[in-house]
Amino acid sequence: MRVKMNISILFLGLVLILAACGGGSEQSGGEASTNYPERKIEVLVGHGAGGGTDLFARAVVKELEEILDVNINVVNQEGGAGVIAAQNAFNAPADGYTLVGDAAFPITTAAGTNKHGLDDFVPIARFQSDTYGLWVNPAKFDSIDDFIQAAKDNPGKITVGGTGSMGMDEITVFQLGQVAGVELSFVPMEGSGEMHSGVIGGHLDAMVDEFGPTKALYEDGSIKPLVVFAEERLEQFPDLPTTVEKGWDITDGNERGFYIKKGTDPEIIKILEGAMKKAYDSEEYQKLEEESYLHLREGWLNSKEFTTRTEELIEKYKAVMEELQK
């Protein structure tokens, strides 16, 4: 009887030890999320140093390092308008320590060049919804009406520059041609500098670009905008007509945000989302937005909102790509 009792006590003890170990594992998982981050984070940016997406990512990272109290490295991995960075992030563990900062995710996914869309990535937060303008040399065109008339008089001969190929710039030029009923010739450029020189030097008739990179050239009179791709007139440019008031429903611009590999602990995503909201609201970041004309429309979307928006854009750009590639 005593032997049986001792065996029973021993068995009960083992059960309690195993239960305690199991409970410890669950607690450990919770602690891992709570203690995140415990080491360096990498943000992969699929665009070159000094460009809009790179500058955006570095500005946010500067704030996040203080908020999360950890080192964060921005790693530029150019190629495929962000596709290479997305591929490398997909190949990394889903542990919260590899993020992607991107502006072309919906476009590359719609085009099929990014094989890892929303099936493999979770949008964390959107920071910027940038605003495009159509810019020209002031000596060339007086107004958007003059520009469109020139395009009608010279089908396919009016050149409009933009950075890259099959990206937001080319989509914008293609859509402008469609809604205005004209044939425009898109010229892909390697960077903003080359594009700006082309317009100023007369090698390009026009270009599509954001207001931040063109600010200095506008202020010294080298270029001027003919139309802004927006719903309402800008306070800073009250005399500049919008595409919508011209009857053209094209207002999209680059939407910059952060993504993380699907399978990452939701608690980690929540921590990152909260930290990014603090970074967005910080005085330093808001100052940067205003100085760079990135405040022209609200940029912030949380993870749920950004996911919905990304889904909508992917479907929208799929249809545009089909027309563009005909």
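Each value in this text was obtained by applying a stated rule to the coordinates, not by laboratory testing. What you see is a predicted model; the values in this text were computed from it and never measured. Cβ coordinates were reconstructed from backbone atoms using ideal geometry, including for glycine residues, and neighbour counts include every protein chain displayed.
Given R0 = 51 Å, the distance between the Cβ atoms of H203 and I84 translates into a calculated FRET efficiency of 0.95.
Given R0 = 22 Å, the distance between the Cβ atoms of K326 and K115 translates into a calculated FRET efficiency of 0.40. Cβ crowding within 10 Å, taken as a proxy for footprinting-reagent exposure, orders I84, I171 from fewest neighbours to most as I84, I171.
In this structure, the amide hydrogen of I124, modeled 1.01 Å from its nitrogen in the peptide plane, lies closer than 5 angstrom to those of F258, Y259, I260, counting only residues at least 5 positions away or on a different chain.
Pairs of Lys residues in region 132-228, spaced 8 or more positions apart or belonging to different chains, with C-alpha separations under 20 angstrom: 5 in total. The charge dipole of region 132-228, taken about its Cα centre with unit charges on the Cβ of Lys, Arg, Asp and Glu (plus for the first two, minus for the last two), comes to roughly 100 debye. Principal-axis analysis of the Cα atoms of the chain puts helix 144-153 at an angle of about 70° to the longest axis. Working note: 222 nm ellipticity from helices only, DSSP H runs with n ≥ 4, each -39,500 (n - 2.57), summed and divided by the residues of the chain, gives -15000 deg cm²/dmol to the nearest 500. Between the alpha-carbon centres of region 29-89 and region 150-220 there is a gap of 31 Å. Site pair K270 and E284 shows an inter-label distance of 2.8 nm when each label is modelled 7 Å from Cα along Cα→Cβ. When the C-alpha to C-alpha distance is required to be over 23 Å, the pairs from K115/K318; K62/K318; K278/K318; K62/K270; K246/K318 that qualify are K62/K318; K278/K318; K246/K318. Here the contact order of the chain, divided by its residue count and restricted to Cα pairs under 8 Å and six or more residues apart, works out to 25 percent. Normalised by the number of residues in region 132-228, the average gap of Cα pairs under 8 Å and 6 or more apart makes the relative contact order 47 percent.
Think of each Lys and Arg Cβ as +1 and each Asp and Glu Cβ as -1; about the Cα centre, that makes the dipole of the chain roughly 1400 debye.
Helix 2-34 and the long axis of the chain differ in direction by around 20°, with both axes built from C-alpha atoms.
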